[in-house]
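Below: one structure, written as structure tokens.
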Amino acid sequence: MSGSLVLAAVWAVVANLLAMLPSRDNHWTRAYLLIAGGIPILGWVSWQHGPWIGLLVLLAGMSVLRWPVIYLSRWLTRQFGSGGRDG
């Protein structure tokens, strides 16, 4: 297994361990740190193994950090409209 995939797996284990610890800010500080560390790892995986494996790693990371993704999608919906719905 390549170094980039090992690092992605370590990132996933660390993310799950951090999620088990109590937090006063609902884990947002940890989420920001995981995002900041995960983006270069995702780039390295994509560079070494191609876009399809990079997409799988991205989806795995999004499943771990689902609340930032949910809040981003809500913000984008507010910014750019609701896609043709009235209201």
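Only the coordinates and a few stated rules stand behind these numbers; no lab work does. Please read these numbers as outputs of a predicted model, since none were measured by experiment. Heads up, the Cβs are rebuilt from the backbone with ideal geometry, glycines too, and the neighbour counts pull from every protein chain shown.
Scanning region 43-52 for residues that are of a type in the set (A, V, I, L, M, F, W, C) and in contact with a helix residue (DSSP H, G or I) (Cβ under 6 Å, 6 or more places away or on another chain) returns Trp44, Val45.
I'm checking my understanding of the structure. Among residues of region 40-53 that are under 12 Å from the mean Cα position of the chain (by Cα) and crowded, with 16+ Cβ neighbours inside 10 Å, which one is farthest from Val6 (Cα to Cα)? Before you say what the answer is, go through the steps one by one.
Step one: list which residues in region 40-53 are under 12 Å from the mean Cα position of the chain (by Cα), which gives 40-42.
Then keep just the ones that are crowded, with 16+ Cβ neighbours inside 10 Å; that gives 41-42.
Details: Ile41: 10, Leu42: 12 Å.
Top of the filtered list is Leu42.
Got at least one residue in region 69-87 being of a type in the set (Phe, Trp, Tyr) and surrounded by 13 or more Cβ atoms within 10 Å (Cβ to Cβ)? No: region 69-87 contains no residue that is of a type in the set (Phe, Trp, Tyr) and surrounded by 13 or more Cβ atoms within 10 Å (Cβ to Cβ). When region 16-41 is filtered for residues that are hydrophobic (A, V, I, L, M, F, W, C) and either in contact (Cβ under 8 Å) with a residue 60 or more places away in the chain or touching a helix residue (DSSP H, G or I) at 6+ places or on another chain (Cβ under 6 Å) (or both), the ones remaining, listed by number, are Leu18, Ala31, Leu34, Ile41.
Among the polar types (S, T, N, Q), under 15 Å from the mean Cα position of the chain (by Cα) and under 29 Å from Met1 (Cβ atoms) - does that describe any residue in region 20-39? First the steps, then the outcome.
Of region 20-39, the ones among the polar types (S, T, N, Q) are 23, 26, 29.
Adding the requirement that they be under 15 Å from the mean Cα position of the chain (by Cα) leaves 29.
Those left that are additionally under 29 Å from Met1 (Cβ atoms): none.
Scanning region 20-39, I find no residue that is among the polar types (S, T, N, Q), under 15 Å from the mean Cα position of the chain (by Cα) and under 29 Å from Met1 (Cβ atoms), so the answer is no.
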